[in-house]
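Undergrad: Below are the structure tokens for one structure; questions will follow.
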Amino acid sequence: MFEALRYPLRGEHAEKALLAAWLCVLVHSIALPVLALVPLLGYLATVLETGDEDEPPTFLDRTVLRRGIGASVLAGVYGAIPLGMALVTFYLLAETGREPTGAGTLIVLAGSTTVLFVLATAAYLLPIALANYARSDSLRAGLKRLRPIAVHAAYFVGWSSGSILGLLGLALTSALVDLGGVLAVLGSLVGAYMTIVAVRRVARGYAVAVD
């Protein structure tokens, strides 16, 4: 855990990589939502791939943007099913026009639980897919060899601790950005830093599972 907290500050590429990640998050929050995160997603895929190395990779590489586009495609593929299920659930609720009761309540509860389960599964498998993709530069690799890593204890621990760190960082970042001004800029920095830390934790688990 503590190794991951120090990770963004280590090595010769640390400062430039953190600055670039910060700019991506800042531009995302004030000017170009989602699209500004594509390069960051490519960088995070590289962080996942290099979990067995001690220092962060460089951000200023021409492969980062290309990987970001490929990683965005994979994220869309893995997010499509839970998103579709959520839309269907909300649509059915809206169609009834009234608060569900009796059997209807059980159906809504079952549907919501299923959506959450599928969403959690997609979130669990996506880092494996991104790391596999970054290792081979093939989108097909992001759809294969998931199970051996997913069932490994090291990956589960890394993903769980990384998710907690990521959620804490997201909550703090959102609170600071909502305040606006200088705090929004600071919040973007916190978001970039904690995102790299969280992904580093997952990357360490992935590296152990692959070995």
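Undergrad: Tell me whether the stretch 78-89 contains one or more residues that are under 27 Å from CYS24 (Cα atoms), surrounded by fewer than 18 Cβ atoms within 10 Å (Cβ to Cβ) and either small (Gly, Ala, Ser) or modelled with pLDDT of 90 or more (or both).
TA: yes
Undergrad: Considering only the stretch 1-13, state which residues are outside any helix (DSSP H, G or I) and surrounded by fewer than 14 Cβ atoms within 10 Å (Cβ to Cβ).
TA: MET1, ARG10, GLU12
Undergrad: Give me a count of the residues in the stretch 29-73 that are acidic (Asp, Glu) and within 19 Å of ALA122 (Cα to Cα).
TA: Qualifying residue count, the stretch 29-73: 1.
Undergrad: Scanning for something modelled with pLDDT under 90, outside any helix (DSSP H, G or I) and not hydrophobic (A, V, I, L, M, F, W, C), does the stretch 14-32 turn up at least one residue?
TA: No, because not a single residue in the stretch 14-32 is modelled with pLDDT under 90, outside any helix (DSSP H, G or I) and not hydrophobic (A, V, I, L, M, F, W, C).
Undergrad: Any chance the stretch 193-201 includes a residue that's charged (D, E, K, R) and touching a residue at least 12 places away in the same chain (Cβ under 8 Å)?
TA: The answer is yes; a qualifying residue exists.
Undergrad: Then there is this: Applying the selection to the stretch 53-62, what residues are at pLDDT below 90 and either crowded, with 22+ Cβ neighbours inside 10 Å or more than 11 Å from ALA17 (Cα to Cα) (or both)?
TA: Correct list: ARG62 only.
Undergrad: A further question follows. Among the residues of the stretch 156-187, count how many are modelled with pLDDT under 95 and polar (S, T, N, Q).
TA: 2
Undergrad: Now for a separate question. What number of residues within the stretch 127-152 satisfy the criterion of being open to solvent by less than 70 Å² (accessible area, probe 1.4 Å) and farther than 20 Å from TYR193 by Cα?
TA: Count: 13.
Undergrad: Give the stretch 155-173 a look and list any residue that's out of contact with any Lys or Arg (no Cβ under 8 Å at 6 or more places or on another chain) and open to solvent by less than 50 Å² (accessible area, probe 1.4 Å), or say none.
TA: Scanning the stretch 155-173 gives TYR155, SER160, SER163, GLY166, GLY169, THR173.
Undergrad: Follow-up question, since we're still on this one. Looking at this structure, is LEU65 under 22 Å from LEU176 (Cβ atoms) and either surrounded by fewer than 21 Cβ atoms within 10 Å (Cβ to Cβ) or not polar (S, T, N, Q) (or both)?
TA: no
Undergrad: Can we say ALA150 is at pLDDT 95 or above, among the small types (Gly, Ala, Ser) and over 22 Å from PRO57 (Cβ atoms)? Even if it seems obvious, please write down each step before you answer.
TA: On the way: at pLDDT 95 or above: yes; among the small types (Gly, Ala, Ser): yes; over 22 Å from PRO57 (Cβ atoms): yes.
Here the answer is yes, as ALA150 does meet what is asked.
Undergrad: Would you call ALA31 open to solvent by less than 40 Å² (accessible area, probe 1.4 Å) and of a type in the set (Gly, Ala, Ser)?
TA: Criteria not met by ALA31.
The values are calculated or read from the model by the stated rules, or taken from the named source; none is laboratory data. From a predicted model like this one, the values you see are computed outputs, not experimental measurements. Neighbour counts are summed over all protein chains in view; Cβ atoms, including those assigned to glycine, are modelled from backbone coordinates with ideal geometry. Calculation scope for accessible area: heavy atoms of the full protein, side chains included, ligands and nucleic acids excluded. Shrake-Rupley method; radii C 1.70, N 1.55, O 1.52, S 1.80 Å.
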